[in-house]
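The values are calculated or read from the model by the stated rules, or taken from the named source; none is laboratory data. Since this is a predicted model, take the numbers as computed values, not measurements. Positions of Cβ are generated from backbone atoms using ideal geometry, with glycine treated the same way; all protein chains shown enter the neighbour counts.
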Amino acid sequence: MKHFIATHTCFSEEARRAFIENTKALTHKEMIEGTQTAKAKMVAHWMGKDEFFFCHWLAESEEAIHEALEAQGLADIIVTNANEMVRFISASDLKDEPVGDPDDF
């Protein structure tokens, strides 16, 4: 699976509030597991008070992320721009190797 950062925004403030109302009672586990498909899995989610929110996805492709969102009915209320991140470095998985040039991946 490839790493993607997705930038999401809702079509309107009403859609944003509907998304929040539909997700606020979910546990962290339910939110993560609820996004899983055979080809895509959300692994992190960041949402503040402004119009954009962000997710880290592991997916076979950008299309797999859009398919996962469609399966949840979210494609009707949010716009998503998913970008593959070929360089992924995490404090939870430190490696003793060069980070490399993303243009060489």
### Query
Quick one: is E62 of a type in the set (D, E, K, R), under 23 Å from R87 (Cα atoms) and out of contact with any Cys (no Cβ under 8 Å at 6 or more places or on another chain)?
yes
### Task
Go through region 85-105 and give me each residue that's among the hydroxyl-bearing types (S, T, Y) and over 21 Å from I65 (Cβ atoms).
S92
### Residues satisfying the stated conditions in region 55-66, i.e. touching a residue at least 24 places away in the same chain (Cβ under 8 Å), assigned to a helix (DSSP H, G or I) and either within 21 Å of A18 (Cβ to Cβ) or within 10 Å of the chain's Cα centre (by Cα) (or both)
I65
### Conditions (1) surrounded by 15 or more Cβ atoms within 10 Å (Cβ to Cβ); (2) modelled with pLDDT of 95 or more; (3) more than 11 Å from the chain's Cα centre (by Cα); (4) not acidic (D, E): number failed by A38
(1)
### Task
Inspect all residues belonging to region 17-33 and state whether any of them is of a type in the set (S, T, N, Q), farther than 25 Å from V86 by Cβ, in contact with a helix residue (DSSP H, G or I) (Cβ under 7 Å, 6 or more places away or on another chain) and surrounded by 13 or more Cβ atoms within 10 Å (Cβ to Cβ).
yes
### Query
Which one is farthest from A71 (Cα to Cα) among residues in region 1-54 that are basic (K, R) and part of a loop (DSSP other than H, G, I, E, B)?
K49
### Any chance F52 is modelled with pLDDT under 95 and either touching a helix residue (DSSP H, G or I) at 6+ places or on another chain (Cβ under 6 Å) or among the aromatic types (F, W, Y) (or both)
no
### Query
outside any helix (DSSP H, G or I) and surrounded by fewer than 13 Cβ atoms within 10 Å (Cβ to Cβ): does that describe D103?
no
### Query
Taking region 72-90 only, how many residues are assigned to a loop (DSSP other than H, G, I, E, B) and either acidic (D, E) or without any contact (Cβ under 8 Å) to a residue 60 or more places away in the chain (or both)?
5
### Message
Restricting to region 1-42, and then to whatever is of a type in the set (K, R) and in contact (Cβ under 8 Å) with a residue 12 or more places away in the chain, can you tell me which residue is nearest to F88 (Cα to Cα)?
### Response
K2
